[in-house]
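Visitor: Take this structure first; my questions come after.
The values are calculated or read from the model by the stated rules, or taken from the named source; none is laboratory data. Here the structure is a predicted model, which means the values were calculated and not measured. As a convention, Cβ positions derive from the backbone with ideal geometry for all residues, glycine included, and neighbour counts pool all protein chains shown.
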Amino acid sequence: MEIILDRNPFPPQVSDLLKELCRIGFFPHGLLIGSWPMLIYTLHFTLQYGFATNDVDFAVHGAVKVPPSPEAIPELLERLGYEPITDYDTGIETFVQGPSRSSSSATVAGAAPSPLQ
């Protein structure tokens, strides 16, 4: 199924992140999850959905098998102003945007920090 919207529903920082991930070929191996896809479904299907968060979550299938890209994901996120925070108990690396770390974050779920390319 292809969904085409007449306007970009994402705020600039999320839109920039998605465009950059698309540019490096992330989406054949990764999927946008969480509340952001619901924004698209809400607009396309005219559904009522009120839950929203500032974080941007991704699921990655076989993270260690994702082929190398022109730019590694951690470097891409840091270039866009995200700072890494690693939970060593779970192996999940979270990138928080901005110096205040309160605006938005990107999480790659189920992926160890080092092999993401």
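Visitor: Considering each residue of region 26-51, count those that are of a type in the set (A, V, I, L, M, F, W, C), part of a loop (DSSP other than H, G, I, E, B), surrounded by 12 or more Cβ atoms within 10 Å (Cβ to Cβ) and free of Cβ contacts under 8 Å to residues at least 40 places away in the same chain, and give that number.
Guide: Narrowing region 26-51 to residues of a type in the set (A, V, I, L, M, F, W, C): 26-27, 31-33, 36, 38-40, 43, 45, 47, 51.
Still in the running and part of a loop (DSSP other than H, G, I, E, B): 26-27, 47, 51.
From what's left, surrounded by 12 or more Cβ atoms within 10 Å (Cβ to Cβ): 26-27.
After this cut, where a residue has to be free of Cβ contacts under 8 Å to residues at least 40 places away in the same chain as well, the list is 27.
Total satisfying the criteria: 1.
Visitor: Go through region 54-111 and count every residue that is closer than 20 Å to W36 by Cβ, assigned to a loop (DSSP other than H, G, I, E, B) and modelled with pLDDT of 75 or more.
Guide: Total meeting the criteria: 3.
Visitor: Then there's this: Pull out all pairs, ordered by first then second residue, where Cβ-Cβ is under 8 Å, the residues are six or more apart or on different chains, the first lies in region 1-14 and is in contact (Cβ under 8 Å) with a residue 12 or more places away in the chain and under 19 Å from D55 (Cβ atoms), and the second is among the β-branched types (V, I, T) and outside any loop (DSSP other than H, G, I, E, B).
Guide: As it stands, the answer is P9/I40; V14/V56, since those pairs meet every condition given.
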